[in-house]
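Novice: I'd like to ask some things about the structure below.
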Amino acid sequence: MSDQPVLHVKGGVLVGPRDVRDELWVVGGRVSYDRPTGARDVRTVRGWALPGLVDAHCHVGLDAHGPVDAETAEKQALTDREAGTLLMRDAGSPSDTRWIDDRADLPKIIRAGRHIARTRRYIRNYAWEIEPDDLVAYVAQEARRGDGWVKLVGDWIDREVGDLSPCWPREAVEAAIAEAHRLGARVTAHCFAENSLRDLVESGIDCIEHATGLTEDLIPLFAERGVAIVPTLVNIATFPQLAAGGESKFPNWSAHMRRLHERRYDTVRSAYDAGIPVFVGTDAGGSLPHGLVAAEVAELVTAGIPPIEALAATSWSARAWLGRPGLEEGAPADLVVYDEDPRAEVGVLAAPRRVVLNGAVVE
Ligand SMILES: [Zn+2]
């Protein structure tokens, strides 16, 4: 048994978007809806409780220049925790952050191993940079190293073409995705452009990161196959700045990035309207700071996703998609308590009153 005091959360417990209970107990680090008998040391927290938020695209152990030391990675994880992010899907990191799994005070991480990119076609020091003949072998390696996901870089600027272009031939991604699935891992890919998407989706990919190139002709294909997207709108917001930086050398690429940026909200809204699963991801840990989950939820609402669905995209539905529990009986007590009902106004996510991780109140 844990020596943690019993915690009593009172007010509104958002077990689901429309499943609200009055109270919850935390006993031995786990969620319970039965008042414990004989508990002497009880601490009460009042407010509106959500399952610990999910950042479905971030990077721990990485900064703008590549891998960082454990101390920096710890700071990143603590910043996420402070923001209420208690479950992260790490979308690629060159650092070994496995030690975080032994720390009950740090958020839970679902890893995608290290990014797999084409030679010289990604940010320096981030990815395994390989050629298509080696793709299956690297995917198998990262599937074994990760926690059920593999991350590909699906498109990137091709300096000879002067624009974004797909990184992999169709046969290579077909074989690689089949291999990942055989090993029980799902596959996702970084894609900014339009023309990398069809091959990946028809090859059975499970998710697309950013997905700025998702056009009307591809939306039905995504919807039919249930391919999720993680738009990372807080990252897409930096496209104009990137475009300006590359303007003189790569004018076509710059113009392309600006077009993708201009229609970003329409892209996300059209995807949502077509029934494509959309999840919250911040892309923290590359060039962006950690802790931006509330800002990304607000961006999804700006794009036109109903607030309760934007909330689900970082809580109930995101957890279900990643195969992790929410606030059901017996689940690890990972929850965030707010002053107000976040279903009415997602802005309240920016200021958690209390964060509870593995049953412990974070001070
Ligand atoms: Zn990323």
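The values are calculated or read from the model by the stated rules, or taken from the named source; none is laboratory data. All figures in this text were calculated on a predicted structure; none of them were measured in a lab. Cβ coordinates were reconstructed from backbone atoms using ideal geometry, including for glycine residues, and neighbour counts include every protein chain displayed.
Novice: Scan the range 158-175 and give yes if some residue there is in a loop (DSSP other than H, G, I, E, B) and among the basic types (Lys, Arg), otherwise no.
Specialist: yes
Novice: Thr267 passes all but one of (1) surrounded by fewer than 23 Cβ atoms within 10 Å (Cβ to Cβ); (2) out of contact with any helix residue (DSSP H, G or I) (no Cβ under 6 Å at 6 or more places or on another chain); which number fails?
Specialist: (1)
Novice: Can you name the residue in the range 196-235 that is touching a Phe, Trp or Tyr at 6+ places or on another chain (Cβ under 9 Å) and among the β-branched types (Val, Ile, Thr) and is also nearest to Pro277 (Cα to Cα) among such residues?
Specialist: Restricting to residues being touching a Phe, Trp or Tyr at 6+ places or on another chain (Cβ under 9 Å) and among the β-branched types (Val, Ile, Thr), the top hit is Ile229.
Novice: For the range 288-306, give me the residue count where each residue is within 22 Å of Val227 (Cα to Cα) and over 13 Å from the mean Cα position of the chain (by Cα).
Specialist: Matching residues across the range 288-306 total 7.
Novice: Inspect all residues belonging to the range 227-246 and state whether any of them is within 17 Å of Cys191 (Cβ to Cβ) and small (Gly, Ala, Ser).
Specialist: Checked against the condition, which is being within 17 Å of Cys191 (Cβ to Cβ) and small (Gly, Ala, Ser), the range 227-246 yields at least one hit.
Novice: Specify the residue that is nearest to Gly347 (Cα to Cα); the eligible residues are those in the range 288-336 that are within 16 Å of the ligand (Cβ to nearest atom) and part of a loop (DSSP other than H, G, I, E, B).
Specialist: Ranking the candidates gives Leu292 first.
Novice: Here's another thing I want to ask about it. For the subset of the range 57-112 comprising residues that are out of contact with any Lys or Arg (no Cβ under 9 Å at 6 or more places or on another chain) and in a strand (DSSP E or B), which member is nearest to the ligand (Cβ to nearest atom)?
Specialist: Leu62
Novice: Do we have Ala193 as at pLDDT 95 or above and either within 16 Å of the ligand (Cβ to nearest atom) or on the phi > 0 side of the Ramachandran plot (or both) here? Spell out how you get there, then give the answer.
Specialist: Working: at pLDDT 95 or above: yes; either within 16 Å of the ligand (Cβ to nearest atom) or on the phi > 0 side of the Ramachandran plot (or both): yes.
Spelling it out, Ala193 is indeed at pLDDT 95 or above and either within 16 Å of the ligand (Cβ to nearest atom) or on the phi > 0 side of the Ramachandran plot (or both).
Novice: Here's a follow-up. Is it the case, given these coordinates, that Arg111 is under 16 Å from Pro166 (Cα atoms), free of Cβ contacts under 8 Å to residues at least 60 places away in the same chain and either surrounded by fewer than 21 Cβ atoms within 10 Å (Cβ to Cβ) or under 23 Å from the mean Cα position of the chain (by Cα) (or both)?
Specialist: no
Novice: From the list Gly285, Gly281, exactly one residue is within 13 Å of the chain's Cα centre (by Cα), modelled with pLDDT under 95 and within 16 Å of the ligand (Cβ to nearest atom). Which is it?
Specialist: Being within 13 Å of the chain's Cα centre (by Cα), modelled with pLDDT under 95 and within 16 Å of the ligand (Cβ to nearest atom) holds for just one of Gly285, Gly281, which is Gly285.
Novice: Within the range 31-56, take every residue that is surrounded by 18 or more Cβ atoms within 10 Å (Cβ to Cβ) and of a type in the set (A, V, I, L, M, F, W, C) and give me the one that is nearest to the chain's Cα centre (by Cα).
Specialist: Out of the qualifying residues, it is Ala56.
Novice: A further question on this structure: Give the residues of the range 265-287 that are under 21 Å from Leu218 (Cα atoms), out of contact with any Phe, Trp or Tyr (no Cβ under 8 Å at 6 or more places or on another chain) and of a type outside the set (Val, Ile, Thr), sorted by residue number.
Specialist: Within the range 265-287, Tyr265, Asp266, Arg269, Ser270, Tyr272, Asp273, Gly275 meet the criteria.
Novice: Under 17 Å from Arg21 (Cα atoms), surrounded by 16 or more Cβ atoms within 10 Å (Cβ to Cβ) and over 20 Å from the mean Cα position of the chain (by Cα): which single residue out of Arg354, Arg343 fits that description?
Specialist: Answer to the check: Arg343.
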